[in-house]
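Right, one structure below, let's go through it.
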Amino acid sequence: MSGTLAGPVEAAVCLDDLRAVAAATTPADAWNFVEGAAAAS
C-alpha cells in the first residue's frame, strides 16, 4: 500500500501498537519487534 494514504494511517496505528508492546516488554524485545516489523514492511 505504499504511496497511498493508508500507509501513514497504518504507520500511526502501528506506532500505537509499538507503544503497547514497548510497555509490556524489555527495551531489547521492543527494538527487536520494531526491526522485525520494519523488515516485514
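Before moving on, here are some points about what is shown:
- Taken over the range 21-41, the criterion of being modelled with pLDDT under 75 and outside any helix (DSSP H, G or I) is satisfied by T25, S41.
- Identity of the residue in the range 1-20, aliphatic (A, V, I, L, M) and within 9 Å of the chain's Cα centre (by Cα), that ends up modelled with the highest pLDDT: L15
The values are calculated or read from the model by the stated rules, or taken from the named source; none is laboratory data. Predicted model only: the values in this text are computed from it and were never measured.
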